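See below for the structure under consideration.
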């Protein structure tokens with residue numbers, strides 16, 4: 001009886017099958033919206049996460065063959081041990097030892113991010129990797145050349161076939177695989193998250209720091225992700241060697257403005273600012289307290305700086321430490337796959 | 001598991017598969033006879049200046065206004081959102097309507113776009129966009145003509161380069177001109193919505209013919225209104241200059257004739 005059923009099913013399956021392979025539809029849960037997070041910006045409905053697609057994206061992320069001469073991978077400058085920021089260097093180094101212009105940010109909660117890069121010039125998570133792949137100071141390879149290489153010199157055609165139903169590697173499927181992997185990286189395992197869920201009792205210093213942070217910093221670093229996603233001039237320079245947001249909008253009123261970053265994992269992602277000029281959180285708080293530089297586009301909230309005592313700075317830093325997500329650092333789903 | 005439950009399960013699964021298999025048949029059966037469709041071409045004829053002289057890549061041209069000696073090495077632009085209007089006010093809309101016109105592909109002076117599955121009928125006008133609509137500039141990775149590997153896409157300030165015009169100029173400070181024109185946001189949007197009435201002629205689409213709409217494009221118009229490669233050798237980001245140059249170029253597109 002069982003054999004009969006099995007045979008009947010096989011016959012039906014065969015009769016239904018088309019010549020073209022269908023993309024996988026297996027249930028694979030790697031991305032979940034934390035209950036205390038807002039709705040994500042990126043809609044995975046248009047790029048459903050599958051085990052094959054996610055693992056393909058993960059492999060691509062860590063594969064140096066995505067750069068000219070197989071020199072660097074995405075993971076070279078976005079290391080899991082640093083919450084997917086670079087290894088504590090101000091500026092990242094791409095092919096041939098070339099140095100980039102801005103500090104590599106940590107990669108997490110990208111599904112909640114509307115615009116990418118320090119100037120917000122990139123408007124969608126799927127097209128985000130094009131800049132580092134093609135930039136001459138980063139991976140320095142033209143998309144068409146990369147697709148050609150992956151198609152002809154690697155094992156990837158079969159893996160793209162398993163993930164997307166076509167062994168012909170397209171820009172679209174390359175970027176969708178990377179979006180499945182990078183978009184699925186969620187950081188919600190910090191002590192701060194535990195505190196919100198009632199599972200962690202902060203220390204006295206952390207509680208004082210939290211109150212100080214709410215009073216002094218949350219105007220820009222507000223909400224569960226500690227950012228209002230705006231662009232602001234936080235008083236670093238009187239003259240701007242890097243126009244920041246102004247280069248994107250072509251509006252001089254935006255010169256010297258940069259993205260307000262999420263402060264999740266901030267203690268793990270030093271150095272700080274768009275050019276990585278501050279190596280420690282102490283230096284950052286000293287800047288806001290005593291180091292604000294006047295300029296035409298300085299944020300009005302910082303005109304007088306944010307005066308803090310040394311004890312207050314220490315307490316705020318104690319709070320910032322609670323934003324570190326050590327679960328993320330050890331999450332094997334996002335780590336470099338074994339070769 | 002008893003034999004009975006296995007039987008029931010097998011029946012249920014069988015029914016599920018049968019019904020999923022037969023869905024397509026049902027659809028085919030209930031569909032009306034497919035409407036008649038035809039093929040057509042849009043031919044972009046490139047000419048130079050008011051005299052409508054020959055335009056070719058890698059060929060010396062003198063700009064009629066500025067007198068600058070120019071030589072184009074590249075001219076590529078997006079044509080999107082093509083629609084045909086008939087006399088009743090009905091419209092045929094091309095699906096996934098994104099094309100690149102590349103002067104590299106000129107045969108004679110013309111580059112042609114092939115449109116298939118056009119609904120049969122008599123059409124009296126055509127509308128399209130030079131550039132790419134704002135929606136596709138913000139919707140993630142796209143395919144076909146919109147594939148970023150076409151090199152008509154800015155990676156650092158994401159959005160499509162609607163028009164690329166490059167070449168040499170004797171008057172340019174660096175000996176060349178490079179216009180990468182795009183930008184989908186006001187006030188400097190560089191995409192242009194076009195409409196041409198066929199001026200009494202009709203485009204007759206039927207399954208048996210390959211009619212064509214002939215448009216004339218005049219790249220000398222980039223420098224209309226006092227622009228020159230001496231003053232403006234390079235534009236490579238959205239902004240007022242990109243918008244002005246793109247608008248100048250769009251102003252050169254005119255309807256010439258229908259060939260049925």
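Got at least one residue in segment A:19-42 being part of a helix (DSSP H, G or I), surrounded by 13 or more Cβ atoms within 10 Å (Cβ to Cβ) and modelled with pLDDT of 95 or more? Step through it out loud before you land on a result.
Looking only at segment A:19-42, we keep the residues that are part of a helix (DSSP H, G or I), and these are none.
Taking every residue of segment A:19-42 in turn, none turns out to be part of a helix (DSSP H, G or I), surrounded by 13 or more Cβ atoms within 10 Å (Cβ to Cβ) and modelled with pLDDT of 95 or more.
Among the numbered criteria (1) crowded, with 19+ Cβ neighbours inside 10 Å; (2) touching a residue at least 24 places away in the same chain (Cβ under 8 Å), which single criterion is violated by residue A:230?
Residue A:230 satisfies every listed condition except (1).
On the basis of being over 29 Å from residue A:311 (Cα atoms) and crowded, with 16+ Cβ neighbours inside 10 Å, does residue A:205 make the cut?
Values: over 29 Å from residue A:311 (Cα atoms): no; crowded, with 16+ Cβ neighbours inside 10 Å: yes.
In short, no.
Against the condition closer than 25 Å to residue A:132 by Cβ, at pLDDT 95 or above and crowded, with 18+ Cβ neighbours inside 10 Å, how does residue B:131 come out, does it pass?
Criteria not met by residue B:131.
Would you confirm whether any residue within segment B:195-218 is under 16 Å from residue B:101 (Cα atoms), in contact (Cβ under 8 Å) with a residue 24 or more places away in the chain and surrounded by fewer than 16 Cβ atoms within 10 Å (Cβ to Cβ)?
For segment B:195-218, residues under 16 Å from residue B:101 (Cα atoms), in contact (Cβ under 8 Å) with a residue 24 or more places away in the chain and surrounded by fewer than 16 Cβ atoms within 10 Å (Cβ to Cβ): absent.
Which one is farthest from the other protein chains (Cβ to nearest Cβ) among residues in segment A:139-161 that are in a helix (DSSP H, G or I) and crowded, with 18+ Cβ neighbours inside 10 Å?
Within segment A:139-161, the subset in a helix (DSSP H, G or I) is A:143-153, A:156-161.
Those still in the list that are crowded, with 18+ Cβ neighbours inside 10 Å too: A:143, A:146-147, A:150, A:156, A:159-160.
On the way: A:143: 4, A:146: 9, A:147: 6, A:150: 12, A:156: 16, A:159: 18, A:160: 14 Å.
Among those that are in a helix (DSSP H, G or I) and crowded, with 18+ Cβ neighbours inside 10 Å, it is A:159.
Working only within segment B:129-187, note down all residues that are in a strand (DSSP E or B), more than 12 Å from every other protein chain (Cβ to nearest Cβ) and without any contact (Cβ under 8 Å) to a residue 24 or more places away in the chain. Spell out the reasoning first.
Our first condition is that a residue be in a strand (DSSP E or B); within segment B:129-187, this holds for B:129-130, B:153-154, B:159-169, B:176-182.
In the following step, the residues that additionally are more than 12 Å from every other protein chain (Cβ to nearest Cβ) were identified as B:129-130, B:161-169, B:176-182.
Passing the criteria: only B:161.
Condition test on residue B:199, is it in a strand (DSSP E or B) and modelled with pLDDT of 95 or more? Please lay out each step first, then the result.
Working: in a strand (DSSP E or B): no; modelled with pLDDT of 95 or more: yes.
No; evaluated as a whole, the condition is false for this residue.
One line per residue, one yes/no per condition, for (1) away from chain A (no Cβ under 14 Å); (2) touching a helix residue (DSSP H, G or I) at 6+ places or on another chain (Cβ under 9 Å):
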| residue | (1), (2) |
| --- | --- |
| B:223 | yes, yes |
| B:229 | yes, yes |
| B:232 | yes, yes |
| B:239 | no, no |
| B:242 | no, no |
| B:255 | yes, no |
| B:258 | yes, no |
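Could you list, in sequence order, all residues of segment A:237-260 that are surrounded by 21 or more Cβ atoms within 10 Å (Cβ to Cβ) and over 23 Å from the mean Cα position of the chain (by Cα)?
Passing the criteria: only A:254.
May I ask you to list the residues in segment A:165-197 that are part of a helix (DSSP H, G or I), over 19 Å from the mean Cα position of the chain (by Cα) and away from chain B (no Cβ under 12 Å)?
Filtering segment A:165-197 down to residues part of a helix (DSSP H, G or I) leaves A:171-183, A:191-196.
Now restrict to residues that are over 19 Å from the mean Cα position of the chain (by Cα): A:171-173, A:191-192, A:194-196.
Passing the criteria: A:191, A:192, A:194, A:195, A:196.
State all residues of segment A:299-339 that are over 28 Å from residue A:230 (Cβ atoms) and buried (at least 19 other Cβ atoms within 10 Å of the Cβ); if no residue qualifies, say none.
A:329, A:334, listed by residue number.
State all residues of segment A:94-129 that are out of contact with any strand residue (DSSP E or B) (no Cβ under 7 Å at 6 or more places or on another chain) and not in a loop (DSSP other than H, G, I, E, B); if no residue qualifies, say none.
Matches in segment A:94-129: A:95, A:96, A:97, A:110, A:111, A:112.
Just wondering, is there one or more residues in segment B:88-103 that are away from every other protein chain (no Cβ under 14 Å), surrounded by fewer than 18 Cβ atoms within 10 Å (Cβ to Cβ) and in a helix (DSSP H, G or I)?
no
The values are calculated or read from the model by the stated rules, or taken from the named source; none is laboratory data. Nothing here was measured: the structure is a model prediction, and the numbers come from that model. When we count neighbours, we look across all protein chains shown, and the Cβ atoms used for this are built from the backbone with ideal geometry, even at glycine.
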